[in-house]
Every structure is written in structure tokens, then in C-alpha cells.
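For reference, the structure discussed in these notes is given below.
Throughout, read-outs are computed from the coordinates displayed, never taken from laboratory work. Predicted model only: the values in this text are computed from it and were never measured. Here the Cβ positions follow ideal geometry from the backbone for every residue, glycine too, while neighbour counts run over all protein chains shown.
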Amino acid sequence: MADWRNKSEVNGDVVFFRYAPEGLEKGADEVFIWDLDKTYLDTTIDSLRGLFKTIMERALNKKNVPGTDTLLRNLAQFRTEQKGTEYFPIYFITASPPQLEDRISEKFYIDNINPLGCFYKDNLKNLKPDRFWRLTKQVGYKLQALMQLRTRLSENVKQICWGDDSESDAIIYNLYSDICARRISIQEVRSVLEELYVTGDQVDTILDLQSQCPERDPVEKIYINLATDTDPEYYLKFGRRTLPTYNTFQVALDLLQDKRLNFDGLMEVLNDMVYNYYYTTEELIKSFDELIRRGVLSQETYLNLKPKFVEKGILYPSYEPSSSTFDKTLYIEEPWVQEHVDYLNEYR
């Protein structure tokens, strides 16, 4: 763990390990960004106890959020089949310290995942009485990491982002989108970031990185894992582009609808969750029904999936969704991206 500085790029709290050449990064037209903690790995780093547990845990003992490794491998396989590329353009962001890079890289190897790079937070230096508060404040760190990544990618890149509801990830990804698109002024950026406990140095770095980025919105979709069971309606304040999900099966359903995943990949996720994580098919069908009720899944998607689920023995032929108002739901009526987001208040 002692030589992590020799193989990384360090900028304040942000430590980046690059695993791919620059040309490969610039050549990607679509990039996946996955928050590691509570989104890919079932880790807790928002307390001293959780941080030390994560530090001591061996790679083999690190647990995935149910279904995530299977989903990621199937996303990579489907993309290879569609685009003919041999690599999957994914980056991870974690608030774990860079001293854990070897163990987390070993976990990626075990899961057969090959990211282009991974961002870590230099958090052990915050283990001082006057810096304890910075251990759990992730907005400045993650925004800076995202802005640094933006400077590495092509002008027209599209990004699909994953986060959870425990670390303000919906706010972070949407702020990142607004900053890149210049939807809010520099003065408003400063004001919002200061209210979110971002230090002055971090704010200056983020705005400097903004000046190096093209004036366009790179964010295509934002998935938020409801790890702490936040009400999904809260996320309507960000627009339909931000999709809260209760489990990985719901994510897979939406990715299939977006034509980023095929039915075989969806079934692999379902089977992984049933056989390895003890979900019942009844629980997963409730998740299917819940997305229909929220208006996330279209009538076309439902009509395409129902006979396939019936054939697999997952649905009865007589199954009907609890709500069939596919074209009249609140979710569908919401804008894709809100013109202005109130980041500092809970109401829309």
C-alpha cells in the first residue's frame, strides 16, 4: 500500500488511478460512471468504524450490491456485441482511501471487471480532530473527480451515472451536469457549493476545470440506488433523467428498455439475485410492477417482456400490472431534465 503515490495522479483529495491509455479514453463515445460504495460494493465508509472495516477487509470478503457484478459483465458483453469493441468504458469513484487500491483492483479482477480508471479520496489524512468533518462530506471530492474525468474524455461523450441515496449522489451528478452545461452562473455555483460544505480551494478547482470543459451536457442518465429507502418521488425534482431504483433488477429493466442490455442479460441478473442473494421471483415481479406504476416502463416494454416472463415461468399468463396508465403517469409528465433545480431544499 505504500507506493500508491507512484502510480496515481493526486490533486487535493482526489487520487486517480488510470488503467487505460489516453487514446482509449478520448475514443469512447459513451462512458459509464459507477460510484463504488453502496452502489457496486456493499460497503460503509461514512463512519470511522465503517472506514476501518473497509480498510481491513480482504478482496475476497468484499460483497457486491446484489446483482451488480452480473449486470456489469452483461452490459460489457452486450456492448461488445453491438459495437465490436473489446473494452468496456467504465470508471469507478469511491470515497475509500487510495491505500486500498490494490485490494479493490483485486476485487475487480475477481469480478472480471476491467475499468479504465478509478478515483479514490485521500481520506486518511482527514483522521485529525480538525478535519473529521471532511470524512463524510463527499460533494466537493466527487464533483472535482467528475470534472477531472470530463477533461479526459471526448467533447461529445455521453455518460451514464450510478450512485446511491446515502451520499447526495443525485445532487452531485445533477450539479455536474449543470456546471458542464453552464445552466447556472458561476456565482450560483459558488453559493450552492459553499452551502454543501465544499471548501474554497475545492470550489476554485472545480471552476477552473469547468473552464477546460466544452459547454455541453454530457450526462445521459443517472441511476440512484435507494440504499437508505428514500422516497422515490423526491427525485422528481431533478427530472426523469434521474431514476431511483430499489434493486439491480429495476436498473436492468430500464437498461433493457434503453437498448443497452438484452433479455438474456436481464435474466442473468434476475437469476443471480434469486439464486445467490435469496430474492424471490415474487419480490422481483413486485419491482417490475412498481416501475410500471411509476411510469418508468413503457407499454411497449411491458408488452414485449410479458410473454417472455410467462415463458420463463416468472409470470402467470393472467398477470396484469396493478396500474396500466402507461401514458398518464406523473413520472412521464415530468421533464427529462429540470431547467432549474433547488439543490438546497427538499421540496420541488
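Given a cut-off of 20 Å, name the pairs among Lys62/Lys259; Lys107/Lys259; Lys221/Lys259; Lys26/Lys63; Lys38/Lys306 whose C-alpha atoms lie farther apart than that in the structure shown.
Pairs exceeding the cut-off: Lys62/Lys259; Lys107/Lys259; Lys26/Lys63; Lys38/Lys306.
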Query raised in the report: In region 67-96, which residues have a backbone nitrogen under 16 Å from the label point lying 7 Å from Lys259's Cα in the Cα-to-Cβ direction?
Result: 78-84
Query raised in the report: Highest GNM mean-square fluctuation, the chain, Cα pairs closer than 10 Å: which of Glu334, Glu220, Glu282?
Result: Glu282
Report summary line: For 179-189, 251-261, ranked highest to lowest by mean beta-carbon neighbours within 10 Å, the order is 251-261, 179-189
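Assuming a ≥ b ≥ c are the square roots of the Cα gyration tensor eigenvalues, decide whether the chain counts as rounded (a/c under 1.5), prolate (otherwise, with a/b larger than b/c) or oblate.
Prolate.
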Query - Value at 222 nm in deg cm²/dmol, rounded to 500, when DSSP H runs of n ≥ 4 in the chain each add -39,500 (n - 2.57) - result: -12500 deg cm²/dmol
Report task. Please label the shape of region 214-286 as rounded, prolate or oblate, based on the square roots a ≥ b ≥ c of the eigenvalues of the alpha-carbon gyration tensor (a/c under 1.5 means rounded; beyond that, a/b larger than b/c means prolate, else oblate). Result -> oblate
Requested in this report: Please build a GNM for the chain, connecting alpha carbons under 10 Å apart, and tell me which residue among Pro21, Pro97, Pro218 fluctuates the most.
Outcome: Pro21
Query raised in the report: Fully extended, how many nm does the chain gain between Ile184 and Asp201 (0.36 nm per residue separation, minus their Cα-Cα distance)?
Result: 4.1 nm
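To the nearest 20 Debye, how big is the dipole of the chain about its Cα centre, given +1 on the beta carbon of each Lys and Arg and -1 on that of each Asp and Glu?
My answer is approximately 560 debye.
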Report task. Sort out for me the Cα centre separation of region 12-28 from region 164-201, rounded to whole Å. Result -> 23
Report task. Give the peptides 166-176, 111-121, 262-272 in descending order of average Cβ contacts within 10 Å, highest first. Result -> 166-176, 111-121, 262-272
Requested in this report: Report the one residue of Ile90, Trp4, Asn114 whose Cα lies farthest in the direction of the positive end of the charge dipole of the chain (charges on C-beta: Lys and Arg +1, Asp and Glu -1; origin at the Cα centre).
Outcome: Trp4
